[in-house]
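See below for the structure under consideration.
Readers should treat all values here as calculations from the given coordinates under stated rules, not as data from a laboratory. Model, not experiment: these values are computed from the prediction. Note: ideal-geometry Cβ built from the backbone for every residue, glycine included; neighbour counts use all protein chains shown.
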Amino acid sequence: MTLPAGTTTGKLATMDYRRRSIRDLLGSEPGGGAEAYGWVKTRRDSKEVSFVQLNDGSCFQDLQIVLEAGTVADDLLKKLSTGACVRFEGILVESPAAGQTVELKATALELLGEADPATYPLQKKGATMEFLREIAHLKVRGNTFGAVTRVRNRAAWAVHSFFQSRGFSWIHTPIITASDCEGAGAMFAVTTLLDHESPTQDEAESTFRLKSTDPGDDFFGKPAYLTVSGQLNVESYAMGLTNVYTFGPTFRAENSNTPRHLAEFWMIEPEMAFCDIEGDMNLAEEFVKEVISDVLDNCGPDLDFFNQRIEPELLTTLRHVVDSGFERMTYSHAVDLLMKSGENWEFPVSWGSDLQSEHERWLTEKKIGKPVILIDYPKDIKAFYMKQNPDGKTVRAMDVLVPRIGELIGGSQREDDLATLEARIDELGLPKAAYWWYLDLRRYGSAPHSGFGLGFERLIMYLTGMKNIRDVIPFPRTPGQAEF
RNA sequence: UGCCGCAUAGCUCAGUCGGUAGAGCAGCUGACUGUUAAUCAGCGGGUCGUAGGUUCGAGUCCUACUGCGGCAGCCA
């Protein structure tokens, strides 16, 4: 292998993932030779010495590289600009200054990839989230998105760990569905009927034509879509494996332009046989506490950053949720409290209407002061599959409300009685024939069962304090935006 | 999709009553004995989102469009 021009190097580089990461180096005792790979955050020069902040994403903290004057040529030193990729060799030494315990006193460096400072879009000073979204391919090199990405990774691990340690099986429900009965929102079509002309240079000039307008000619012989929920499928697996969950991508073609919606997002949906609404609430409470607790334990520096720069109440609310017993009350009781609150609501409260975000936040933040689980919602504002209560008016639905954002989880006990479920489907005018297999689950060996769903990105927003959902997923897909 | 707001240097923004464009940061040049988003001095940098309109004159006023953001709805 030929090294790039301008290189100074000593011994052979360790081009293997088993080398020490910056995280490893920062946790090492001083003394001994070391090498460090990463991207330059900043460089500070004085006459006798230069400092380079080097980050490889393995942790929030940068490794400080100390370059004494003369270690490398001036023209090479100048190429150590923000964004440049570099390998240093040196000695890991105790740092005489505050800010870090060890630092790398460099003896050699290899410039792996320059980043022209005149055009490199990231700078050492902060950029707005809006700007960073335009450079989604580079944004992960900054503090904020590195931290978001590590928290997201750890949270995903914690989700699996939570369920796996309790004997739940991860079910890979389909991404493509030909059921037109999911009913959770507008769907993206999946088709091979498009006849598009040879790609042109100008995307705007390319056009679509349909080879056929008959769904029977399409790949699946009928209309197919990207899934909007794995719940119906995973219920089938709960009726055989007992405790199961989904964790995968989900798609909604809604034209929603808000900081809380994505067209492509990840959803977590546990489903348990032999479990009623009480057991469902118990699982939800344990789940929220354990995932938060895991991230608090394992992403300390990242959360400290969010607490300092993004959301000052972050650590307080997260610790509070972990330490609190969740308050449980009925929807009807909550409506009573809201109507007697004396608050001047932007949206009026009445029994039978859905609670607005302002109502949910008042309950959990002001009235109760800790997470709240509401149950027994009016059946008309909830989905058809929820278990009906004997009162004929409410269903065994539950929503988990937490301080700072409101609803985090929505779930229910499912209707397991065939006749009741069929009647409800008829009542709502839904296409009963399409639900044939879902009804079979009640026809053969039906079991009481419950589950819930939560959007993974909303959980990440809660864990990080980030205000826009587009900033907690690597490449956000929203109406009119599918770049990268 | 509806309502509201914004669009000026690479980034973040200022620009008064309509009168020929400004700062900080970044960049470049130099200084500085260990810095922590280093500091100090100097230099370069603009089709004011696009297209029309009003006006002697438009960054500024009007219209449309595009993009972005916020709120709402839909929801996770």
Legend entry - Overall Cα dimensions of the range A:354-400, principal axis frame, Å, largest first: 32, 16, 16
Legend entry - Unit Cα scatterers, Debye sum, the range A:286-372: log10 I(q)/I(0) for q = 0.12, 0.15, 0.25 Å⁻¹: -0.48, -0.68, -1.16
Legend entry - Cα-only radius of gyration and Dmax that characterise the range A:380-441, units Å: 13.6, 42
Inset, instruction - Starting from 0 in steps of 5 Å, tell me what percent of the Cα-Cα pairs of the range A:218-287 lands in each bin. - result: 3, 14, 18, 18, 17, 15, 10, 4, 2
Inset, instruction - Report P(r) for the range A:219-341: all Cα-Cα distances, bin width 5 Å, range 0 to the bin holding the largest distance, values in whole percent. - result: 2, 8, 11, 12, 15, 19, 17, 9, 4, 2, 1, 0
Inset, instruction - Kindly provide the helix-only [θ] at 222 nm of chain A, computed as the sum of -39,500 (n - 2.57) over DSSP H runs of four or more divided by all residues, to the nearest 500 deg cm²/dmol? - result: -8000 deg cm²/dmol
Inset, instruction - At q = 0.11 Å⁻¹, what is the base-10 log of I(q)/I(0) for chain A according to the Debye formula with one equal point scatterer per Cα and no solvent? Please give it to two decimals. - result: -1.02
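Distance check, please: which entries in A:Lys41/A:Lys139; A:Lys78/A:Lys139; A:Lys79/A:Lys125; A:Lys367/A:Lys387; A:Lys41/A:Lys125 exceed 21 angstrom between their Cα atoms? Don't jump to the answer; show the numbers that get you there.
On the way: A:Lys41/A:Lys139 12 Å; A:Lys78/A:Lys139 23 Å; A:Lys79/A:Lys125 19 Å; A:Lys367/A:Lys387 29 Å; A:Lys41/A:Lys125 10 Å.
Going by Cα-Cα distance, A:Lys78/A:Lys139; A:Lys367/A:Lys387 fall outside the 21 Å limit.
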Legend entry - Translational diffusion coefficient (Stokes-Einstein; Kirkwood radius from C-alpha pairs) of the range A:38-117 at 37 °C, 0.692 mPa s, in µm²/s: 261 µm²/s
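Calculate how large, on average over all directions, the projected area of the Cα convex hull of the range A:82-131 is; give the answer in nm² to one decimal. Before the final figure, lay out each step's value.
Values: hull surface 20.6 nm².
Quarter of the Cα hull surface area: 5.1 nm².
Can you work out D for the range A:116-183 in µm² s⁻¹ from Stokes-Einstein, where Rh is the Kirkwood radius over C-alpha pairs, the temperature is 4 °C and the viscosity is 1.567 mPa s? Walk me through the numbers on the way to the answer.
Details: Rh = 15.8 Å.
Reported coefficient: 82 µm²/s.
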Legend entry - At q = 0.11, 0.20 Å⁻¹, base-10 log of I(q)/I(0) for the range A:149-308 (Debye sum, equal scatterers on each alpha carbon): -0.64, -1.31
Inset, instruction - Check cross-link reach from A:Lys289 to the lysines: straight Cα distance under 16 Å, and skip same-chain residues fewer than eight apart. - result: A:Lys370
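For the range A:1-149, state the semi-axes of the equivalent ellipsoid (square roots of 5 times the eigenvalues of the alpha-carbon gyration tensor), sorted largest first and rounded to whole angstrom.
Numbers: eigenvalues 110, 66, 50 Å².
After scaling each eigenvalue by five and taking roots: 23, 18, 16 Å.
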Legend entry - Convex hull (Cα only) mean projected area of the range A:61-175, reported in nm² to one decimal: 11.9 nm²
Legend entry - Value of relative contact order over chain A, rounded to a whole percent, pairs C-alpha under 8 Å and six or more apart: 13 percent
Legend entry - Sequence ranges A:121-132, A:408-419, A:390-401, A:60-71, ranked by mean other-Cβ count within 10 angstrom, highest first: A:408-419, A:390-401, A:60-71, A:121-132
Inset, instruction - Set the Förster radius R0 to 30 Å, insert the Cβ-Cβ distance between A:Phe274 and A:Lys432 as r into 1/(1 + (r/R0)^6), and round the FRET efficiency to 0.05. - result: 0.65
Inset, instruction - Pick out, from A:Phe306, A:Asn233, A:Ile277, the residue whose Cα sits farthest towards the positive end of the charge dipole of chain A, with +1 on the Cβ of Lys and Arg and -1 on the Cβ of Asp and Glu. - result: A:Phe306
Legend entry - Cα-centred dipole magnitude for the range A:131-170, charges only on beta-carbon of K, R (+1) and D, E (-1), debye, nearest 20: 60 debye
